[in-house]
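**Student:** Take this structure first; my questions come after.
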Amino acid sequence: MKNNDWSIQKSKDIYAIDGWSEGYFDIDTKGDLLVRPSKSDHSVAIKSIVEEAKKEGVSFPFVIRFQDILANQVKEINQTFQSVIDEANYKGSYFGVYPIKVNQMREVVEEIVAAGSEFNYGLEAGSKPELLSALAFNDNETSLTILNGYKDCEYLKLAMLGRKIGRKVIIIVEKFSELDDIIKVSNEMKVKPLIGVRLKLNVTYSGKWSKSSGEKSKFGLDSVELLKTIEKLKEHKLLDSFKLLHFHIGSQVSDIKTIKEAMNEVTQYYSELVSNHHCMIEYIDVGGGLAVDYDGSRSTNDSSKNYSLHDYASDIVWGIKQKCDLSNLPHPHIVTESGRGVVAYHSCLITDVVDVIKPNTNFDISKYEGEHILISNLRDLLDEDINEDNFQNIYNDAVKLKSETYQAFKLGVVGLKEKALAETIYSLILNDLKKVISKIERVPEGLLNVKDQMAVQYLCNFSVFQSIVDHWAIDQVLPVVPIKNLHIKPDVDASLVDITCDSDGKVDKFIGIDSVSPTVKLHSDIQDYQIGIFLTGAYQDVMGDMHNLFGRLNEVHVY
Ligand code: PLP
């Protein structure tokens, strides 16, 4: 459906839907945002879910969880690894695990475990309570339960109990000092542990979580500690318990080059340990890091990635295979701990616009007797015919005159009325400038923020701190899209502000055409207008706090 000079394709382009949606979201012919939870022909307009929720009395803001997206992601990751394994004639198997901490909501973990059971997909726990959940949720004895995080004796006892009830619980040694406790608890409980070692790889990357990698990372054993671990395990006749080599570079690894480098390094460790130190390593665990293309740019931006799931699986499987074949070593099983890549897509936040905050342009600016020269000069600028030749000059003069009026106000030379007049005329000049700037290709750097100065703020019913804390904390860009009217040209440049009492409760980093933009295109008609913030299923859902006593959000679960 077309509308004036607009089309649905244009909406898809400005919101980069094809870039970030991974095939789950699209726009239908009526201009409504739709979801295809299983990437099949079955789709549903998000607007209709919202209408149904409203009828049931669910008030804004709310989270929509698409359970089938979770199931589909689990299927895709397992099937992709399997297809690469088949392609490569790789002799080991794939045993993915889902790290509970990325979204520990019961319905999320249950869905993942159910969808993963046919693939022996396991869970990763980073704490005692997470281990309790993992043992309770996943009773598949072939799948893995991987243990990371700080481990006291209680935690280790629980791990040994897990072994006793037949679960494949692998304790990852992340600090050399943990080894003594593991040996002690294993002797006390007479349980032979399954042990993994987290390596401190040299490879680093430049993402937000880069401190998880490199020599100065908090976790992992260096070469000296690794050799000491082997000696200690030998001494306690536990070398055959050493089953897994693990590394975790960090989350959201946006450049595939980092994965390739990590595979080169870890396979060298594997080769050394198996060939020269008599270790019988059965698994290589590449940790998390599978990125999500939040800004849809398919680049190495922090909020993006330059590879597909297939590329990721290929680099891991082929990377290990080539090294093993060269050195005549058995192919180990492959473990990934992808969290973000599994759950980010499945939930979104729906908020409604409760008010619009605009720069003032409707104050009466008529000329009056005895008007101050600063105001007359500003009005003269406004009366000029602004064009491509004079816009830079006009902007510079307007900025100067407004600033001089502010100075004059502080000194008591002009009053409140003059200050209000200066602000209004300045906004009107910027409005005119914006029209000229929108027509030229190369906007001078100093004028790039004219559009942003005139952007309106949509006051939306949600809390940034509760629902999209990474946007505030680490500048995470998330897709923001109105859920309907996408066949109509969005006519407003807006940022979003939330209803919390904090001034940094705002969204001012959006997907732009070439880079991050401080505004997003929205519609001026905000009657019954809802905005979706997408890809919030990983970390955001569960890290938000109880700021302003808003309580937990309503949730709509779609099956
Ligand atoms: N494994 C470990 C040890 C982690 O610390 C994390 C998170 O940082 C993950 C897996 C999950 O990473 P991601 O969500 O990037 O896949």
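The values are calculated or read from the model by the stated rules, or taken from the named source; none is laboratory data. Just so it is clear, the model here is predicted, and its values are computed rather than measured. Backbone-built Cβ (ideal geometry, glycine too); neighbour counts: all protein chains shown. For the accessible areas, the whole protein counts, side chains as well, though only heavy atoms, and no ligand, DNA or RNA atoms are used. Shrake-Rupley method; radii C 1.70, N 1.55, O 1.52, S 1.80 Å.
**Student:** Under 6 Å between Cβ atoms, which residue pairs at least 6 apart in sequence (or on different chains) link something in segment 133-149 that is in a loop (DSSP other than H, G, I, E, B) and at pLDDT 95 or above with a partner that is more than 13 Å from the ligand (Cβ to nearest atom) and not aromatic (F, W, Y)?
**Tutor:** Filtered contacts from segment 133-149: T142/N120; S143/N120.
**Student:** Applying the selection to segment 314-362, what residues are more than 16 Å from the ligand (Cβ to nearest atom) and either touching a Gly at 6+ places or on another chain (Cβ under 7 Å) or open to solvent by less than 10 Å² (accessible area, probe 1.4 Å) (or both)?
**Tutor:** Listed by number, the residues that qualify are V317, I320, C324, H331, P332, H333, C348, L349, I350, T351.
**Student:** Something else: Looking at H277 and the list (1) open to solvent by less than 30 Å² (accessible area, probe 1.4 Å); (2) farther than 23 Å from A88 by Cβ; (3) at pLDDT 95 or above, which single condition is not satisfied?
**Tutor:** Failing condition for H277: (1).
**Student:** While we're on this one: May I ask you to list the residues in segment 241-262 that are touching a residue at least 12 places away in the same chain (Cβ under 8 Å) and more than 16 Å from the ligand (Cβ to nearest atom)?
**Tutor:** Listed by number, the residues that qualify are S241, F242, K243, K260, E261.
**Student:** Out of G296, G288, I need the residue that is within 16 Å of the ligand (Cβ to nearest atom), closer than 28 Å to A115 by Cα and open to solvent by less than 50 Å² (accessible area, probe 1.4 Å). Which one?
**Tutor:** Answer to the selection: G288.
**Student:** Let me ask something else. Residue check: is I437 open to solvent by less than 50 Å² (accessible area, probe 1.4 Å) and over 29 Å from S376 (Cβ atoms)?
**Tutor:** Judged against the criteria, I437 is not a match.
**Student:** Looking for whichever is charged (D, E, K, R), in contact with a strand residue (DSSP E or B) (Cβ under 8 Å, 6 or more places away or on another chain) and within 30 Å of V63 (Cα to Cα) here; the options are E174, E107, E141. Which one fits?
**Tutor:** Result: E107 is the single residue among E174, E107, E141 that is charged (D, E, K, R), in contact with a strand residue (DSSP E or B) (Cβ under 8 Å, 6 or more places away or on another chain) and within 30 Å of V63 (Cα to Cα).
Residues are listed down the side, and each one gets a yes or a no for (1) touching a residue at least 24 places away in the same chain (Cβ under 8 Å); (2) closer than 30 Å to C324 by Cα; (3) hydroxyl-bearing (S, T, Y):
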| residue | (1), (2), (3) |
| --- | --- |
| R65 | yes, no, no |
| N72 | yes, no, no |
| I77 | yes, yes, no |
| Y94 | yes, yes, yes |
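**Student:** In segment 309-330, what residues are closer than 12 Å to I259 by Cβ and among the small types (G, A, S)?
**Tutor:** Hits for segment 309-330 are A313, S314, G319.
**Student:** Of a type in the set (V, I, T) and within 22 Å of the chain's Cα centre (by Cα): does that describe V292?
**Tutor:** In short, yes.
**Student:** Identify, from the list M189, M160, the residue that is surrounded by fewer than 19 Cβ atoms within 10 Å (Cβ to Cβ) and farther than 26 Å from N264 by Cα.
**Tutor:** Sole residue among the options that is surrounded by fewer than 19 Cβ atoms within 10 Å (Cβ to Cβ) and farther than 26 Å from N264 by Cα: M189.
**Student:** If you don't mind, there's one more thing I want to ask. Check off (1) within 13 Å of the ligand (Cβ to nearest atom); (2) open to solvent by less than 10 Å² (accessible area, probe 1.4 Å) for V169 and give me the number that stays unchecked.
**Tutor:** Single failed check for V169: (1).
**Student:** V354 versus (1) assigned to a helix (DSSP H, G or I); (2) touching a strand residue (DSSP E or B) at 6+ places or on another chain (Cβ under 6 Å); (3) of a type in the set (A, V, I, L, M, F, W, C): which is the lone unmet condition?
**Tutor:** Evaluating V354 over (1) assigned to a helix (DSSP H, G or I); (2) touching a strand residue (DSSP E or B) at 6+ places or on another chain (Cβ under 6 Å); (3) of a type in the set (A, V, I, L, M, F, W, C) leaves (1) as the failure.
**Student:** Could we say that V197 is closer than 17 Å to L273 by Cβ, buried (at least 22 other Cβ atoms within 10 Å of the Cβ) and under 33 Å from the mean Cα position of the chain (by Cα) here?
**Tutor:** Answer is yes for this residue.
**Student:** For segment 230-246: of the residues being open to solvent by less than 10 Å² (accessible area, probe 1.4 Å) and within 21 Å of F95 (Cα to Cα), which is farthest from the chain's Cα centre (by Cα)?
**Tutor:** S241
**Student:** Tally the residues that are charged (D, E, K, R) and within 16 Å of the ligand (Cβ to nearest atom), restricting the search to segment 109-127.
**Tutor:** Final tally of qualifying residues: 1.
**Student:** Only one of (1) within 16 Å of the ligand (Cβ to nearest atom); (2) under 21 Å from A125 (Cβ atoms); (3) open to solvent by 40 Å² or more (accessible area, probe 1.4 Å) fails for K151. Which number is that?
**Tutor:** In the conditions (1) within 16 Å of the ligand (Cβ to nearest atom); (2) under 21 Å from A125 (Cβ atoms); (3) open to solvent by 40 Å² or more (accessible area, probe 1.4 Å), K151 misses (3) alone.
**Student:** Quick one: count up the residues across segment 142-175 that are of a type outside the set (F, W, Y) and farther than 18 Å from E337 by Cα.
**Tutor:** Counting residues in segment 142-175 that are of a type outside the set (F, W, Y) and farther than 18 Å from E337 by Cα gives 16.
**Student:** Restricting the search to segment 488-542, which residues are acidic (D, E) and more than 16 Å from the ligand (Cβ to nearest atom)?
**Tutor:** Result: D491, D493, D498, D502, D504, D508, D514, D525, D528.
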